[in-house]
Number of protein chains: 2
Amino acid sequence: MQNEIIKVSSRSMPKLVAGAIAAVIREGGIAEVQAVGAGATNQAVKAVAIARTYMAAEDVDIICRPMFTEITIDDVEKTAIQLNVEKII
Amino acid sequence: MQNEIIKVSSRSMPKLVAGAIAAVIREGGIAEVQAVGAGATNQAVKAVAIARTYMAAEDVDIICRPMFTEITIDDVEKTAIQLNVEKII
């Protein structure tokens with residue numbers, strides 16, 4: 001299973017993003033959740049918090065590693081926050 | 001070493017918060033980083049990303065567990081994001 005990039009905007013619904021994260025974790029992958037800006041980062045963190053409750057119900061503990069990453073949007077380079085979300089073994 | 005609560009606002013400086021997180025980790029504790037609102041949560045996540053680089057230089061990997069928590073500010077109950085930051089053993 002490869003890592004999967006999940007892009008989040010300030011208009012993303014945290015519950016939907018949480019479902020996408022949980023799907024990647026269930027398949028044994030690492031969800032790389034990317035957000036640019038405070039509103040998007042807030043939705044991304046809420047999504048991980050919700051995904052943790054989904055996975056806790058399946059007795060799976062997930063953690064995240066936040067880091068900075070450079071991404072290109074419309075030919076403009078921007079600094080994004082990336083949350084690598086994975087299962088703790 | 002007890003857990004330590006670190007409160008972050010939208011005006012907090014991520015590098016200073018990162019230093020506070022790193023200090024708790026070095027003492028063997030868990031940093032409970034709390035933020036209310038998108039701006040504060042964004043600064044909190046940036047702080048954890050920076051703290052990860054500080055600790056990586058010391059060969060220590062730190063992760064975070066985001067969750068929702070209820071806190072009281074000026075007698076008003078608010079939902080905060082809490083990032084439990086700890087060392088991976």
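Can you tell me which of (1) surrounded by 14 or more Cβ atoms within 10 Å (Cβ to Cβ); (2) assigned to a loop (DSSP other than H, G, I, E, B) is the one residue A:44 doesn't meet?
Condition (2) is where residue A:44 drops out.
Residues to consider are B:17, B:33, B:60, B:45; find the one that is under 18 Å from residue A:65 (Cα atoms), in contact with a strand residue (DSSP E or B) (Cβ under 6 Å, 6 or more places away or on another chain) and in contact (Cβ under 8 Å) with a residue 40 or more places away in the chain.
Details: B:17 fails: in contact (Cβ under 8 Å) with a residue 40 or more places away in the chain; B:60 fails: in contact (Cβ under 8 Å) with a residue 40 or more places away in the chain; B:45 fails: in contact (Cβ under 8 Å) with a residue 40 or more places away in the chain.
Residue meeting the stated conditions: B:33.
Among the numbered criteria (1) open to solvent by 40 Å² or more (accessible area, probe 1.4 Å); (2) of a type outside the set (Phe, Trp, Tyr); (3) outside any strand (DSSP E or B), which single criterion is violated by residue B:17?
The single condition residue B:17 does not satisfy is (1).
Name the residue that is farthest from the other protein chains (Cβ to nearest Cβ), counting only residues in segment B:69-89 that are under 13 Å from the mean Cα position of the chain (by Cα) and open to solvent by 40 Å² or more (accessible area, probe 1.4 Å).
B:87
When residue B:4 is evaluated against the numbered criteria (1) surrounded by 18 or more Cβ atoms within 10 Å (Cβ to Cβ); (2) within 11 Å of the chain's Cα centre (by Cα), which criterion, by number, is the only one it fails?
Status for residue B:4: all satisfied but (1).
Using the structure shown, decide if residue A:53 is open to solvent by 40 Å² or more (accessible area, probe 1.4 Å), in a helix (DSSP H, G or I), out of contact with any helix residue (DSSP H, G or I) (no Cβ under 6 Å at 6 or more places or on another chain) and not aliphatic (A, V, I, L, M).
Yes, satisfied.
Would you mention how many residues in segment B:20-41 are surrounded by fewer than 20 Cβ atoms within 10 Å (Cβ to Cβ), more than 9 Å from the chain's Cα centre (by Cα), more than 13 Å from chain A (Cβ to nearest Cβ) and among the small types (Gly, Ala, Ser)?
Going through segment B:20-41 one residue at a time, the tally reaches 3.
Which residues, taken from segment B:49-60, are more than 7 Å from every other protein chain (Cβ to nearest Cβ) and within 15 Å of the chain's Cα centre (by Cα)?
Scanning segment B:49-60 gives B:50, B:51, B:53, B:54, B:55.
Which ones in segment B:51-76 are at pLDDT 95 or above and within 23 Å of residue A:47 (Cβ to Cβ)?
B:51, B:52, B:61, B:62, B:63, B:64, B:65, B:66, B:67, B:68, B:69, B:70
The values are calculated or read from the model by the stated rules, or taken from the named source; none is laboratory data. None of the values given here were measured: they were computed from a predicted structure. Glycine also receives a Cβ, built like all others from the backbone with ideal geometry; neighbour counts cover every protein chain displayed. Ligands, DNA and RNA are stripped out before the accessible areas are found, and what is left, the full protein with its side chains, is counted by its heavy atoms. Shrake-Rupley method; radii C 1.70, N 1.55, O 1.52, S 1.80 Å.
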